[in-house]
DNA sequence: ACCAATTGATCCAATCGTGAACCAATCGGT
DNA sequence: ACCGATTGGTTCACGATTGGATCAATTGGT
């Protein structure tokens with residue numbers, strides 16, 4: 001990676017560009033002046049300009065392309081919070097952080113959009129070893145004594161279904177969801193609402209889900225996951 | 001090690017610098033004048049200045065670096081905070097970085113899972129101002145001259161549909177998708193495949209999508225988005 | 001007179017910024 | 001389809017500035 005320390009002139013250019021983006025002078029997708037022009041504009045050498053641009057590119061604020069130019073990247077608005085003068089840290093927000101800030105209702109809505117479809121995909125693609133791993137998680141979840149243990153294997157089950165899709169983005173999404181479940185606020189929410197009989201309901205729903213997966217029946221799998229999540233949503237958020 | 005005793009002039013410089021730091025005249029991370037300038041400033045020889053600076057450096061108040069300068073150390077209040085968490089989880093990765101590494105096929109699969117459903121949600125919740133913003137993006141996309149301009153307004157259109165869902169997680173997802181589109185690799189892929197007549201096809205599909213949204217017809221909106229993305233996927237990835 | 005502090009000077013090594021040249025990818029007009 | 005202009009990518013040598021180190025000469029208090 002490039003040096004984390006920049007010299008005087010380079011910092012000047014860096015902050016100058018940041019400023020123009022914050023001020024709306026450079027909007028999303030807008031093209032910056034050529035490096036040679038920027039150098040003249042800031043009264044520094046081109047090499048110095050490049051140092052600043054490299055930094056901004058590594059932060060994900062800019063996109064550079066040979067022969068085309070330098071552009072402000074899309075979706076930078078929320079990443080340009082006011083920062084302390086000497087701070088070099090970019091506004092790198094992780095997926096799980098984003099989800100953590102989201103409302104439970106929003107998150108359950110997203111789960112209801114993604115997970116049934118993903119499960120249907122998994123029904124088409126699950127290998128026998130995938131199915132065995134999923135069944136294992138189900139067994140552990142049923143045998144779980146405390147809520148924490150149940151939670152762990154429940155999360156594992158969902159994750160292993162996603163792993164069966166073989167889609168890296170989906171697997172990552174599920175990992176992020178599971179991380180949110182570990183959040184104290186969510187755990188408390190579950191502790192209040194997840195009774196012992198409810199766990200048996202969940203186990204039964206998981207069972208029909210696994211059966212549908214084993215049958216490689218996408219439609220049945222989708223509805224099974226959907227029913228399960230609807231139940232979870234109702235119990236977690238109230239009868240909304 | 002250096003002597004613990006300093007002479008008159010050296011102590012003068014030492015206290016002078018300490019004073020300026022206490023007074024806020026020199027903030028954390030600020031750069032001190034060069035040793036030669038400090039010498040002139042305090043009216044003493046450079047060697048004397050160096051003695052004072054060495055003392056302050058050994059105290060952890062200053063940081064000196066050859067060729068760069070002398071700086072007030074950051075976090076002077078911190079004593080021995082060497083223990084950083086350095087968590088084992090790969091949580092320091094942003095959503096868009098994850099997507100960047102993903103294969104186009106995986107990403108389009110995810111888009112086909114999420115975006116039709118999200119569009120259906122938008123059909124239920126879109127306000128009149130939402131619809132106007134979406135229509136505006138469509139107009140610009142149709143009027144666009146170059147590929148870059150078209151790409152920008154196409155991304156804006158999809159984003160504004162997601163904004164109509166009022167779901168923060170979904171909006172964030174779309175921003176991440178749009179950031180991936182800025183990736184040079186994806187731009188190249190489009191440049192090779194997106195011809196002028198294909199753009200008119202996309203514009204038409206966008207048109208029916210917007211109509212369905214305006215009618216608040218979730219089902220029609222879902223199929224419109226689905227058809228559109230299927231077309232995009234076919235053109236981008238080949239007739240898979 | 002003694003002696004530590006201070007001075008003035010010189011050279012070294014690291015860093016930064018500059019200027020220039022050249023390469024490679026892209027775009028636009030012919 | 002080609003060519004020229006534009007743009008980012010790369011490398012190099014040079015000068016300026018900065019802290020690092022050393023030494024002989026000077027100063028000033030005891």
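Where a number appears in this text, it was derived from the coordinates with a stated rule and is not lab data. Just so you know, these numbers come straight off a predicted model, no measurement behind them. With ideal geometry, Cβ positions are generated from the backbone for all residues, glycine too; neighbour counts draw on all protein chains shown.
Against chain B, whose longest principal axis is taken from its Cα atoms, helix B:168-181 shows a tilt of about 90°.
The Cα center of the range A:198-224 and the Cα center of the range B:1-65 differ in position by 72 Å.
In this simple spin-label approximation, residue B:139 and residue B:192 carry label points 7 Å from Cα along the Cα→Cβ vector, and these lie 3.7 nm apart. The distance separating the Cα centre of the range B:136-190 from that of the range A:149-177 comes to 29 Å.
Taking a ≥ b ≥ c as the square roots of the eigenvalues of the alpha carbon gyration tensor, chain B is prolate, as a/c is not under 1.5 and a/b beats b/c.
Shape of the protein assembly as shown from the C-alpha gyration tensor: oblate (a/c of 1.5 or more and a/b not above b/c, with a ≥ b ≥ c the square roots of its eigenvalues). A label point on residue B:73, set 7 Å along the Cα-to-Cβ line, lies at 3.4 nm from each of its counterparts in the other copies, closest listed first. Measuring nothing but how far apart in sequence close Cα pairs (under 8 Å, 6+ apart) lie, relative to its length, the range B:104-197 scores a relative contact order of 26 percent. Inter-chain neighbour count for A:116-125: the average number of beta-carbon atoms from partner chains within 10 Å of each residue's beta-carbon is 2. For the Cα atoms of chain B, what angle does the longest principal axis make with the long axis of helix B:184-193, in degrees from 0 to 90, nearest 10? So the inclination is approximately 20 degrees.
Between residue A:47 and residue A:147, the modelled label-to-label distance comes to 6.2 nm, taking each label 7 Å out from Cα in the direction of the beta carbon. When shorter helices are ignored and each DSSP H run of at least 4 residues is given -39500 (n - 2.57), the per-residue value for the protein assembly as shown at 222 nm works out to -22000 deg cm²/dmol. Other protein chain C-beta atoms within 10 Å of residue C-beta, averaged over A:167-180: 4. Seen against the Cα atoms of chain B and their longest principal axis, helix B:147-164 is set at about 90 degrees. Relative contact order of chain A: 19 percent, from C-alpha pairs under 8 Å at least 6 residues apart in sequence.
When ranked by the protection proxy of mean other Cβ atoms within 10 Å per residue, highest first, what sequence do the peptides B:182-193, A:116-127 form?
Working: B:182-193: 14.5, A:116-127: 21.9.
Peptide ranking by packing, descending: A:116-127, B:182-193.
Cβ crowding within 10 Å, taken as a proxy for footprinting-reagent exposure, orders A:142, B:114 from fewest neighbours to most as A:142, B:114. According to the square roots a ≥ b ≥ c of the eigenvalues of the Cα gyration tensor, what is the shape class of the range B:117-196, taking rounded for a/c under 1.5, prolate for a/b larger than b/c otherwise, and oblate for the remainder? Because a/c hits 1.5 or more and a/b fails to exceed b/c, the range B:117-196 counts as oblate.
Here the range A:1-66 has an Rg and Dmax of 11.1, 29 Å, counting Cα atoms alone. For chain A, modelled as a GNM whose springs connect Cα atoms under 10 angstrom apart, the maximal fluctuation among A:199, A:181, A:46 occurs at A:46. Computed over all pairs of different Cα atoms, the Kirkwood value for the hydrodynamic radius of the range A:122-169 is 10.9 Å.
Each of residue B:127 and residue B:234 was given a label point 7 Å from its Cα along the Cα-to-Cβ line. The distance between the two points is 3.8 nm. Label points for residue B:237 are taken 7 Å from Cα along Cα→Cβ. From this copy to the others they lie 3.0 nm apart, shortest first. Ranked from shortest, the separations from the 7 Å Cα-to-Cβ label point of residue B:215 to its equivalents in the other copies are 3.5 nm.
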